[in-house]
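Everything on this sheet refers to the single structure shown next.
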Amino acid sequence: MSQSPAPRRTLGRPARISREQVIATARRIVDADGVDRLTMRRLATEIGTTPMALYHHVRNKDELLVALLDDYAERALRRPELPGDPRGRVLAAAAAIHEALAACPWITEVLTADDLMSTSALWFVEQILDGLIACGLTPDRAVHGYRAIWYFTAGEIIVRTTATRRRTDDDRPTYRERVFADVDPDELPRLAQAAGRWAALTAEDTYLDGLQALLDGLLAAH
């Protein structure tokens, strides 16, 4: 008795995917492994589709990163109550940016790696520029002031995150700690005095103190 031939398997089209699914999967990848490990090919594999199917939602990785920035800004960036004085507005807006980015350091990595930004964050930039101009800076100087505040904010987050990751991954004394242990107090008396407390002191969160000092310098220079 002959058997009927087995039905042929057809691959068919990949399952339809949504933009929300693309963003959620990309966010999971960068949260777990960092921005460098996010590729269109890996994203497609984890979703269970093809890279070509992704291009219906995002044209390339840069556009995907901007979508991630917008997604995070909409979920985590909260517009604070702003004080009436312009200096206070600058401080409040910058502090809100720092708080949101410190909770998700890979965002800072994306923002500093290329000319990418979230449109949802433009309100904060506007408040900083407007506050600086109201404090007496010219529009051009206000842009320079915003850049200085942004560099300070991003740099503080990157340095702190990197140091924390290093301490978490390796509990051995750092190179700096080994060097500081041998500092000659006759040649470098101030360093020798602070060396034993250096790690604890530099681990303190002094962002707001630094931000206020930076702003004071910007306003005094105009």
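The values are calculated or read from the model by the stated rules, or taken from the named source; none is laboratory data. Not measured: the values here are computed from a predicted model. Backbone-built Cβ (ideal geometry, glycine too); neighbour counts: all protein chains shown. Areas reflect the complete protein model, heavy atoms only, side chains present, ligands, DNA and RNA absent. Shrake-Rupley method; radii C 1.70, N 1.55, O 1.52, S 1.80 Å.
Within the range 192-206, can you find the residues that are part of a helix (DSSP H, G or I) and either modelled with pLDDT under 90 or under 15 Å from P173 (Cα atoms) (or both)?
A195, W198, A199, A200, T202, A203
Scanning the range 34-90 for residues that are of a type in the set (A, V, I, L, M) and under 30 Å from D209 (Cα atoms), which turns out farthest from the chain's Cα centre (by Cα)?
Of all residues in the range 34-90, those of a type in the set (A, V, I, L, M) come to 35, 38, 40, 43-44, 47, 52-54, 58, 64-69, 73, 76-77, 82, 90.
From what's left, under 30 Å from D209 (Cα atoms): 69, 73, 76-77, 82, 90.
Numbers: L69: 9, A73: 11, A76: 12, L77: 12, L82: 23, V90: 19 Å.
Selected residue: L82.
Can you spot a residue in the range 84-103 that is open to solvent by 70 Å² or more (accessible area, probe 1.4 Å), within 16 Å of R27 (Cβ to Cβ) and of a type outside the set (A, V, I, L, M, F, W, C)?
Scanning the range 84-103, I find no residue that is open to solvent by 70 Å² or more (accessible area, probe 1.4 Å), within 16 Å of R27 (Cβ to Cβ) and of a type outside the set (A, V, I, L, M, F, W, C), so the answer is no.
Out of everything in the range 68-83 that is in a helix (DSSP H, G or I) and either at positive phi or not hydrophobic (A, V, I, L, M, F, W, C) (or both), what residue ends up being surrounded by the most Cβ atoms within 10 Å (Cβ to Cβ)? Please lay out each step first, then the result.
Applying the first criterion (in a helix (DSSP H, G or I)) to the range 68-83 yields 68-76.
Those still in the list that are either at positive phi or not hydrophobic (A, V, I, L, M, F, W, C) (or both) too: 70-72, 74-75.
Details: D70: 17, D71: 18, Y72: 23, E74: 10, R75: 12.
Ranking the candidates gives Y72 first.
In the range 125-137, is there at least one residue being loosely packed, with under 14 Cβ neighbours inside 10 Å, modelled with pLDDT of 85 or more and in a loop (DSSP other than H, G, I, E, B)? I'd like the intermediate steps shown before the answer.
First pass over the range 125-137, keeping only residues loosely packed, with under 14 Cβ neighbours inside 10 Å: 126, 136.
So of that shortlist, the ones also modelled with pLDDT of 85 or more come out as 126, 136.
Pick out the ones that are also in a loop (DSSP other than H, G, I, E, B) and you get 136.
Yes; the residues of the range 125-137 include at least one that is loosely packed, with under 14 Cβ neighbours inside 10 Å, modelled with pLDDT of 85 or more and in a loop (DSSP other than H, G, I, E, B).
What are the residues in the range 104-124 that are polar (S, T, N, Q), open to solvent by 30 Å² or more (accessible area, probe 1.4 Å) and over 19 Å from V159 (Cα atoms), if any? Spell out how you get there, then give the answer.
In the first step, residues of the range 104-124 are kept if they are polar (S, T, N, Q); the result is 108, 112, 118-120.
Going one step further and asking which of them are open to solvent by 30 Å² or more (accessible area, probe 1.4 Å), we end up with 112, 119-120.
Hits for the range 104-124 are T119, S120.
Which numbered condition trips up S18, out of (1) surrounded by 12 or more Cβ atoms within 10 Å (Cβ to Cβ); (2) of a type in the set (S, T, Y); (3) at pLDDT 90 or above?
Among (1) surrounded by 12 or more Cβ atoms within 10 Å (Cβ to Cβ); (2) of a type in the set (S, T, Y); (3) at pLDDT 90 or above, the lone unmet condition for S18 is (1).
Could you please let me know if I23 is outside any helix (DSSP H, G or I) and either modelled with pLDDT of 90 or more or open to solvent by less than 40 Å² (accessible area, probe 1.4 Å) (or both)? Reasoning before the result, please.
On the way: outside any helix (DSSP H, G or I): no; either modelled with pLDDT of 90 or more or open to solvent by less than 40 Å² (accessible area, probe 1.4 Å) (or both): yes.
No: the conditions fail for I23.
Report yes if some residue within the range 57-67 is open to solvent by 80 Å² or more (accessible area, probe 1.4 Å) and farther than 30 Å from G131 by Cα; otherwise report no. First the steps, then the outcome.
First, the residues of the range 57-67 that are open to solvent by 80 Å² or more (accessible area, probe 1.4 Å): 59.
Applying the additional criterion that residues be farther than 30 Å from G131 by Cα yields 59.
Looking through the range 57-67, at least one residue is open to solvent by 80 Å² or more (accessible area, probe 1.4 Å) and farther than 30 Å from G131 by Cα.
Among the residues of the range 160-211, count how many are of a type in the set (A, V, I, L, M), touching a residue at least 12 places away in the same chain (Cβ under 8 Å) and either open to solvent by 100 Å² or more (accessible area, probe 1.4 Å) or closer than 30 Å to I128 by Cβ (or both). I'd like the intermediate steps shown before the answer.
Filtering the range 160-211 for residues of a type in the set (A, V, I, L, M) gives 163, 179, 181, 183, 188, 191-192, 194-195, 199-201, 203, 208, 211.
Remaining after also requiring touching a residue at least 12 places away in the same chain (Cβ under 8 Å): 163, 181, 183, 195, 199, 203, 208, 211.
Next, from what is left, pick out any that are either open to solvent by 100 Å² or more (accessible area, probe 1.4 Å) or closer than 30 Å to I128 by Cβ (or both): 163, 203, 208, 211.
Result for the range 160-211: 4.
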